[in-house]
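A short reminder: the numbers here are calculations on the coordinates, not readings from a lab. Owing to the predicted nature of the structure, the values given are computational and were not obtained by experimental measurement. Quick reminder, even Gly has a Cβ in these numbers, built from the backbone with ideal geometry, and neighbours come from all protein chains shown.
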């Protein structure tokens with residue numbers, strides 16, 4: 001197998017470090033470039049000793065010309081809005097494939113981006129070109145793309161849970177509750193709420209009716225169904241490190257029994273390596289996707305309200321971020337989609 005040269009920009013954040021973990025053992029990839037503005041000049045395995053024996057690369061200040069010379073593809077693993085749109089064009093012009101972890105290339109409508117991220121978009125032509133990076137749902141677009149907007153962690157869990165119903169025009173009046181571990185806030189710019197004494201032994205909703213992932217979920221649902229969707233979405237912070245569990249309450253366009261709902265989900269994901277439909281009394285549990293690129297999904301009929309209750313569990317740093325980015329990269333480079341990702345979850 002040909003080995004592609006890949007770089008990670010923002011390699012010492014949680015998503016960047018998870019990317020390095022996965023790429024370092026990828027059979028089709030050689031990690032050739034590491035950037036971290038915080039640790040310039042330091043070896044990555046000195047900053048994060050867990051990488052000892054896997055890489056001897058030194059963290060560098062980001063330079064698009066250096067990245068282009070050393071890489072065939074780059075992960076822009078910085079998540080601060082507005083940065084990627086300023087630096088991505090020279091990478092694309094040099095022929096690189098790019099997966100961007102920020103929100104800069106997730107949206108198709110510049111006005112929606114500007115409304116939620118409080119800045120004008122500086123590369124609107126690339127917004128339209130970029131593929132939205134959930135391979136199970138938009139594989140063809142990702143395979144032919146040179147730029148992928150890596151989805152947010154909450155939208156990944158929500159859209160994989162809702163896609164089978166949305167695709168078939170069955171989803172109405174959607175409300176979503178989701179809970180995430182503390183690593184979802186990132187490693188830098190942490191506020192008091194995320195410090196251990198504040199977050200431990202505590203669970204709370206946040207961003208109620210105003211979280212930035214809401215319009216991203218709505219866009220994804222509209223892309224799947226061809227219909228406009230307006231949803232309710234409430235995320236919660238819970239005292240664990242990794243994982244997201246999502247529960248969506250979905251009004252159905254027509255009455256469906258449990259067997260029919262399960263059949264829809266099994267048909268949708270039968271050929272997918274990383275999405276697993278649980279049946280019977282089983283429900284998704286973040287413990288059983290930890291450190292993996294898997295998404296566990298379950299659906300339950302509630303006939304008295306004519307609703308389906310759909311649940312999913314993912315690791316927010318893997319399927320919700322870095323693992324999904326590797327999956328997209330594999331598709332973009334024509335490698336087997338599971339390369340570097342085909343492993344079970346950690347347990348316990």
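Assuming a ≥ b ≥ c are the square roots of the Cα gyration tensor eigenvalues, decide whether the stretch 127-260 counts as rounded (a/c under 1.5), prolate (otherwise, with a/b larger than b/c) or oblate. If you can, show how the numbers build up before the last one.
Values: a/c = 2.28, a/b = 1.36, b/c = 1.67.
The shape class here is oblate.
The structure-derived value of Kirkwood radius over Cα pairs in Å appears in the list [x] 23.0; [y] 22.1; [z] 20.4 under the label [z]. With contacts taken as Cα pairs under 8 Å and at least 6 residues apart, the stretch 237-348 reaches a relative contact order of 31 percent.
Per-peptide packing, taken as the mean over residues of other Cβ atoms within 10 Å, places 289-295, 312-318 in the sequence 312-318, 289-295 from highest down. Taking packing as the residue-averaged number of other Cβ atoms within 10 angstrom, the listed peptides 115-124, 154-163 run from highest to lowest as 154-163, 115-124. Against the main long axis of the alpha-carbon atoms of the chain, helix 14-23 sits at an angle near 80°.
Take the alpha-carbon centre of the stretch 26-72, take the same for the stretch 254-285, and report the distance between them in whole Å. Each part's Cα centre sits 40 Å from the other's.
Can you bin the stretch 195-348 into rounded, prolate or oblate? Criterion: square roots of the alpha carbon gyration tensor eigenvalues sorted a ≥ b ≥ c, rounded for a/c under 1.5, prolate for a/b above b/c, oblate for the rest.
It comes out rounded by the Cα gyration axes.
Fewest to most neighbouring Cβ within 10 Å: what's the order for 126, 333? Each step should come with its number before you reach the end.
Values: 126 21, 333 17.
With the fewest neighbours first, 126, 333 line up as 333, 126.
Compute a Gaussian network model of the chain, connecting alpha carbons closer than 10 Å, and tell me which residue from 135, 303, 197 fluctuates the most. Maximum fluctuation in the GNM of the chain, among the listed residues, is at 197.
Where a ≥ b ≥ c are the square roots of the eigenvalues of the C-alpha gyration tensor, would you call the stretch 132-201 rounded, which needs a/c under 1.5, or, failing that, prolate if a/b is larger than b/c, or oblate? The shape class here is oblate.
Only Cα pairs under 8 Å and 6+ residues apart enter the sum, and on that basis the relative contact order of the stretch 1-144 stands at 19 percent. Relative to the longest principal axis of the Cα atoms of the chain, helix 84-93 runs at roughly 70 degrees.
Our summary gives the chain a relative contact order of 17 percent, counting only alpha carbon pairs under 8 angstrom and 6 or more residues apart.
Which angle from 0 to 90°, rounded to the nearest 10, does the C-alpha axis of helix 153-167 make with the longest principal axis of the chain? It is inclined by approximately 40 degrees.
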